[in-house]
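No lab work stands behind these numbers, since they all come straight from the coordinates. Remember, predicted model here, so these are calculated numbers, not experimental data. FYI the Cβ positions are ideal-geometry reconstructions off the backbone, even for glycines, and counts take in every protein chain you see.
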Amino acid sequence: MLHPDWLLLRTPNLSPRKKKISLIVLHHTGGAVHGAVSWLCNPASRVSADFVISRFGKVWKLNPDVHGLYSWHAGVSIWHLLKDVNKFSIGIELEHIPGEDWPAAQVAAAGELCAWLMKVFSLDVNNRVIQSHRAVAWPFGRKSDPEGFPWSDFGAGVRECLKSLQ
């Protein structure tokens, strides 16, 4: 499904999904959104994400079929003893350069998208189904993103959005 406010671009860096989605992983781009989107849609990069959110809250959907295809966002990764997190997760890149603030519009858009994904895939907010790239990257400490993310404000926004989706 495509939300009317989302921009659709297709990354070629996708593989067939065979596992049920049980996790959402947040990343930061480390650079400007247009460069990140361009890189994530470049076959030579061998990386991708399902969604990208700009600092202004604009959402790009790069994976046209999150049910049937998975993006290559987490690299070498593990979560609850399950390897290759890409195969059972959704990857969301947030436009951010370490040291910058996290704009309210972006945090709100991320919360809305995550709440929508949680509803679509029947994910329980109490099961810690939204994680950072830092939490899933292996070996631990290999990644640090999304640095400085306002998890508390984000979590409150996700919960509010989930109430409105019921």
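Give me the pairs: first residue in region 46-74 and on the phi > 0 side of the Ramachandran plot, second residue outside any loop (DSSP other than H, G, I, E, B), beta-carbon distance under 8 Å, and six or more apart or on different chains, which are they? Close Cβ pairs satisfying both conditions: 57/105; 57/106; 57/108; 57/109.
The set of residues in region 75-93 that are without any contact (Cβ under 8 Å) to a residue 60 or more places away in the chain and within 14 Å of residue 129 (Cβ to Cβ) comprises 79, 80, 82. Restricting the search to helices (runs of 4 or more DSSP H) fully inside region 83-166 and requiring at least 2 residues that are touching a Cys at 6+ places or on another chain (Cβ under 9 Å) gives 104-120, 151-165.
For region 31-57, the set of residues classified as in contact with a helix residue (DSSP H, G or I) (Cβ under 8 Å, 6 or more places away or on another chain), part of a loop (DSSP other than H, G, I, E, B) and of a type in the set (Gly, Ala, Ser) consists of 48, 49, 54, 57, listed by residue number.
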